[in-house]
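Everything on this sheet refers to the single structure shown next.
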Amino acid sequence: MDGNGRWAKKKGKTRIEGHKKGAEQIRHVLSAAKKLGVEYVTLYAFSSENWNRPKSEVTALMRLLEASIKANEKLFVKNGVRFETIGDTTALPAYCQKAISHIKAATKNCKNQTLVLALNYGSRDEIARVVNEIAREAAEGKLKKAPLEYGDIAARLDTAQIPDPDLIIRTSGEQRLSNYLMLQGAYSELYFTDVLWPDFGEKELEKAVAEYSKRERRYGLTSEQLK
Ligand code: IPE
Ligand code: MG
């Protein structure tokens with residue numbers, strides 16, 4: 001979800017107003033995704049590197065996170081949207097952790113769609129946490145299998161219960177992954193659009209999915225093998 005700041009600047013608004021508009025887009029994108037048959041939507045809301053932004057912006061983002069979770073809880077329950085997170089949420093302010101636990105509990109049996117928010121998420125941090133966990137298990141003699149395979153690592157990633165993304169969309173014209181789902185996205189189709197996140201709605205998602213439908217996903221095979 002990139003481009004909130006530039007959207008705000010263009011409109012003569014504050015960066016945080018851009019973030020607010022960006023947060024409001026989420027419910028529209030979710031319902032558009034539902035119409036397209038997309039069951040899992042993962043949004044990069046706050047990276048492990050975003051802590052280095054000005055303190056006032058970080059605090060405003062945390063307050064906005066809490067407020068957005070509270071504002072959406074009833075709607076998610078009504079629409080059957082299960083709320084999940086990836087990333088190390090233990091570093092978030094206590095009021096955010098509280099709102100997160102609350103909405104997770106309230107939506108845990110929801111079956112229509114899953115919204116995953118990446119919060120204090122970064123692939124390098126995620127893999128470091130997994131390696132430390134494996135090292136600890138090994139030191140305690142609890143690691144029964146050697147050598148480990150990728151599946152053993154995947155089972156310890158934050159996304160263990162979430163399928164790999166078919167499509168990764170980045171808005172605002174930047175063409176990089178910025179530490180996002182680096183392992184899970186190994187075979188994801190990538191889609192970059194100049195549209196800023198606060199302007200990304202149903203039409204834009206339809207365009208992205210239409211483009212995705214034209215891609216041939218080969219997973220290392222030849223085109224002929226797929227036929
Ligand atoms: C994305 O918008 C929101 C977050 C990462 C929190 P940005 O804040 O990165 O917007 P730009 O890149 O400054 O336009
Ligand atoms: Mg940005």
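The Cα center of region 171-185 and the Cα center of region 89-154 differ in position by 19 Å.
For residue 169, the accessible area of its heavy atoms, probed at 1.4 Å with every protein chain present, is near 50 square angstrom. Partners of residue 70 within straight-line reach, counting lysines whose Cα lies under 18 Å from its Cα and excluding those fewer than 8 residues away in the same chain: 20, 21, 78, 98, 104, 108.
Could you compute the net charge surrounding residue 105? Neighbours are other residues with a C-beta less than 15 Å from the C-beta of residue 105; K and R count +1, D and E count -1. Local net charge: +4.
Defining a contact as two alpha carbons under 8 Å apart and six or more residues distant in sequence, what relative contact order in percent does region 1-66 show? List each step's numbers first, then the result.
On the way: 34 pairs, mean separation 19.4, N = 66.
Result for region 1-66 is 29 percent.
Roughly how many percent of the accessible protein surface of the chain is carbon and sulfur, given a 1.4 Å probe and a whole-percent answer? Heavy-atom surface of the chain belonging to carbon and sulfur, 1.4 Å probe: 52 percent.
Accessible area per residue, 1.4 Å probe, Å², for the chain: what's the number?
57
The fraction of Cα-Cα pairs per 5 angstrom bin, counted from 0 for the chain, comes to 1, 6, 12, 17, 19, 18, 13, 7, 5, 2, 1, 0 percent, rounded to whole percents. Shape summary: region 122-162 maps onto an equivalent ellipsoid whose semi-axes, from the alpha-carbon gyration tensor, are 18, 12, 8 Å in decreasing order. For residue 90, the solvent-accessible surface with a 1.4 Å probe is about 100 Å², rounded to the nearest 10.
The values are calculated or read from the model by the stated rules, or taken from the named source; none is laboratory data. For clarity, every value in this text was computed on a predicted model and none was experimentally measured. Cβ: placed from backbone, ideal geometry, glycine included. Neighbour counts: every protein chain shown. Note: accessible area is taken over every heavy atom of the protein model, side chains too, but ligands, DNA and RNA are not part of it. Shrake-Rupley method; radii C 1.70, N 1.55, O 1.52, S 1.80 Å.
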